[in-house]
Amino acid sequence: DVKVTQSSRYLVKRTGEKVFLECVQDMDHENMFWYRQDPGLGLRLIYFSYDVKMKEKGDIPEGYSVSREKKERFSLILESASTNQTSMYLCASSPRRAASYEQYFGPGTRLTVT
Amino acid sequence: AQRVTQPEKLLSVFKGAPVELKCNYSYSGSPELFWYVQYSRQRLQLLLRHISRESIKGFTADLNKGETSFHLKKPFAQEEDSAMYYCALRPLGDDKIIFGKGTRLHILP
């Protein structure tokens, strides 16, 4: 059973703080993703990583950075949190170029920036 | 441009009535299409993919290339179908998925 875990379910941070969101997957997947989920806006891709130390910007990378030092771990970093980054953050992983493709999601981290 | 459109933000249906969640896509090639579902307090998960042509929890979805649609259907709604549903498109050869904005399905008793 694929497991994607996220370090926190709920997080409250102050404006200007540096925030780390951690994601770990146990299925040896090459791909990992960070999304924002907002009502009415759906899922928007922030960053994508297809291998260790490799990353690609998604649709909304501004204000975010990522780190992938190990295959199983993908971190999302908010360098200086702002109130408009209050959101639900979802991590996902997938195998690379699989014939039967599926993204597996973590439970989400609800971040509130005050 | 590659795009997935779900025209309804909210769909309310009575229990036992048929359900149709609409999805239209914009893509020049042959896409791979999915429906993902998120039940209350659960993680987002794959419901079905068009390649499999399967029925999951009574739901089916047929790819209509002429109308560029992939509507999700169920003949008789159940209360446990209440959830958020996302249609998604995977471009050929890509490992990223384009999600629609989602439709919240509310089954009325």
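Read the figures in this text as sums done on the coordinates, not as results from a lab. Because the structure is predicted, anything quoted here is derived from the model rather than measured. With ideal geometry, Cβ positions are generated from the backbone for all residues, glycine too; neighbour counts draw on all protein chains shown.
When the Karplus curve 6.51 cos²θ - 1.76 cosθ + 1.60 is applied with θ = phi - 60°, which whole-Hz ³J(HN,Hα) does each residue of region B:29-36 get, with x for Gly and Pro?
x, 9, x, 10, 10, 9, 10, 10
What ranking do A:Ser75, A:Ser82, B:Ser28 get, fewest neighbouring Cβ atoms within 10 angstrom at the top?
B:Ser28, A:Ser82, A:Ser75
Going through region A:32-114, which GluC sites (Glu not before Pro) have at most 14 other Cβ atoms within 10 Å and a DSSP loop state?
Filter output for region A:32-114: A:Glu62, A:Glu79.
Mean separation of Cα pairs under 8 Å and 6+ residues apart, divided by the residue count of chain B: what relative contact order is that in percent?
Reported relative contact order: 38 percent.
Please report the relative contact order for region A:2-107, taking Cα pairs under 8 Å with a sequence separation of at least 6, and give it as a percent rounded to a whole number.
34 percent
Positive end of the dipole of chain A, charges at C-beta (+1 Lys, Arg; -1 Asp, Glu), about the Cα centre: which of A:Tyr64, A:Cys23, A:Met54 has its Cα farthest in that direction?
After comparing all options, I get A:Tyr64.
Can you compute log10 of I(q)/I(0) for chain B with the Debye formula, treating each Cα as one identical point scatterer, at q = 0.14, 0.21, 0.23 Å⁻¹?
Treating every Cα as an identical point scatterer, log10 I(q)/I(0) equals -0.51, -1.12, -1.32.
Along each of its three principal axes, how wide is the spread of alpha-carbon positions in the protein assembly as shown, in whole angstrom units, largest first?
49, 38, 35
Give me, ordered by chain and number, the residues 5 or more places off B:Gln78 or on other chains with an amide H under 5 Å from its own placed amide H.
The list, which skips near neighbours in sequence, is B:Gly16.
Would you calculate the separation in nanometres between label points at A:Asn84 and A:Arg110, each defined as 7 Å from the Cα along the Cα-to-beta-carbon direction?
2.3 nm
Nearest 20 debye, what's the magnitude of the dipole of chain B about its Cα centre given +1 on Lys and Arg Cβ and -1 on Asp and Glu Cβ?
Its charge dipole is roughly 200 debye.
Just to confirm a number: summing +1 for Lys and Arg and -1 for Asp and Glu over residues other than A:Pro39 whose beta-carbon lies under 10 angstrom from that of A:Pro39, what do you get?
Here the charged neighbours net out to +2.
For a bin width of 5 Å, list the pair-distance distribution of chain A built from all Cα-Cα distances, rounded to whole %.
In order of increasing distance, the bins hold 2, 13, 24, 26, 20, 10, 4, 1, 0 percent.
Which of the residue pairs B:Lys22/B:Lys96; B:Lys9/B:Lys57; A:Lys3/B:Lys73; B:Lys73/B:Lys96 have a Cα-Cα distance greater than 27 Å in the structure shown?
A:Lys3/B:Lys73
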